[in-house]
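Have a look at the structure below, then the notes.
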Amino acid sequence: MSEPAAEQHASIPRHIAIIMDGNGRWAKQHGRARIYGHHQGVESVRKVVEACSELGVEYLTLYAFSTENWKRPIEEVNALMELLVRTIRKETPELNSQNVCIRTIGNTGSLPEDCVNELQEAISLTAGNTGLNLVLALSYSGRSELAAAMQAMGKEVAEGRLDPDTIDEQTIASHLYTVDIPDPELVIRTSGEYRISNYLLWQSAYAEFYFTETLWPDFDKEELLLAIHSFQQRERRFGKISEQLPMKP
Ligand code: IPE
Ligand code: IPE
Ligand code: MG
C-alpha cells in the first residue's frame, strides 16, 4: 500500500487521542493468553509515539487503563499493572532522549504504589522536555473526571473562593485533569468498536473520530498516517456553514 501524503501536509493534528483497543482479541487470534496481546500492544505504542514525534504532533493521549477496567479479572489487572511499571521503567530513558514529556490524566492515586512511584520518576525526569507530550490516561473515566471537577468547584463555592454566577466552560475546563492540554482534534479507536467508552467526554466535543478494524497490536505508523489523512479530508465547520470558513491554501 502506498503511504498517504499526510506527512507533507500542513494540517497535522496538534493533539491525537487514541483508544487502544483489541489486544485481547489479537492474542486470541494468535492462540495466546490475553496478556500477550497487551505486551504486543506496547510495541504499537512505541511505533506511534515515534511517528507522532517525527510528525510534530504536540500531544498524544493514550487510553491505557479505564476506571471500568478495574472490573476485569484480578489476574489481568495485576498483569497490566506489572506491564505498566516495567514499560515505564524500560522506555523512559529512550523517551527522554527523544525529548518526550510524559504526563498522566486520571485517578492515578488508585494505582499500585510501585506504579505511582515509577510514573512520578518518569514525569519528573521528562518534565523539562519540549517535544511530544505523551499523556497516559490511567484509571481514567470522563464522567469521574467531571464529577471530580464538580466536587472541587463545589468546595470552592462553599469556601467563598468561586462565585457560582461566574462558572463558564473555561471554569469547568480548568478543573479537569487536562487543564493545560488543548482539546484533541483527532480521536482514533482501533478494533472495530464504535464507542467512546468514557474517554475525554468533555474534551472531544468537537474532535474528528476515526475508527479502524485494525487491532491495536497491528497498528503502526502507516495506520496512523491513514487516520491523519482521513482527518485532513474533513471539513471542520464548528457549527458554521462551508462558505463562512477561511479558504484553504
Ligand atoms: C485494550 O485491549 C487494552 C485495555 C483495555 C487495557 P482489550 O484488552 O480491551 O482487548 P479486547 O477488546 O478484549 O480485544
Ligand atoms: C477502552 O477499552 C479502555 C482502554 C482502551 C484502556 P475497553 O476494551 O475497556 O472498552 P469497552 O469496555 O469494550 O467499551
Ligand atoms: Mg477492549
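The values are calculated or read from the model by the stated rules, or taken from the named source; none is laboratory data. Keep in mind it's a predicted model, so treat the numbers as computed, not measured. Neighbour counts are summed over all protein chains in view; Cβ atoms, including those assigned to glycine, are modelled from backbone coordinates with ideal geometry. Quick note on the areas: whole protein, heavy atoms, side chains included, nothing else; ligands and nucleic acids left out. Shrake-Rupley method; radii C 1.70, N 1.55, O 1.52, S 1.80 Å.
Restricting Glu223, Glu193 to residues that are free of Cβ contacts under 8 Å to residues at least 60 places away in the same chain, open to solvent by less than 50 Å² (accessible area, probe 1.4 Å) and over 18 Å from Val135 (Cβ atoms) narrows the list to Glu223. Among the residues making up the stretch 79-123, those that are under 14 Å from His39 (Cβ atoms) and either open to solvent by 40 Å² or more (accessible area, probe 1.4 Å) or hydrophobic (A, V, I, L, M, F, W, C) (or both) are Ala79, Leu80, Met81, Glu82, Leu83, Leu84, Val85, Arg86, Lys90. Taking the listed residues Leu224, Leu186, Leu200, the one that is under 24 Å from Thr104 (Cα atoms) and either out of contact with any Phe, Trp or Tyr (no Cβ under 9 Å at 6 or more places or on another chain) or within 16 Å of ligand 3 (Cβ to nearest atom) (or both) is Leu224, with no other qualifying. Consider the stretch 124-147 and keep the residues that are without any contact (Cβ under 8 Å) to a residue 60 or more places away in the chain and among the β-branched types (Val, Ile, Thr). The one that is surrounded by the most Cβ atoms within 10 Å (Cβ to Cβ) is Thr126. In summary, Arg25 fulfils each of the numbered conditions (1) within 11 Å of ligand 1 (Cβ to nearest atom); (2) open to solvent by 20 Å² or more (accessible area, probe 1.4 Å); (3) under 17 Å from Asn133 (Cα atoms) with the single exception of condition (3).
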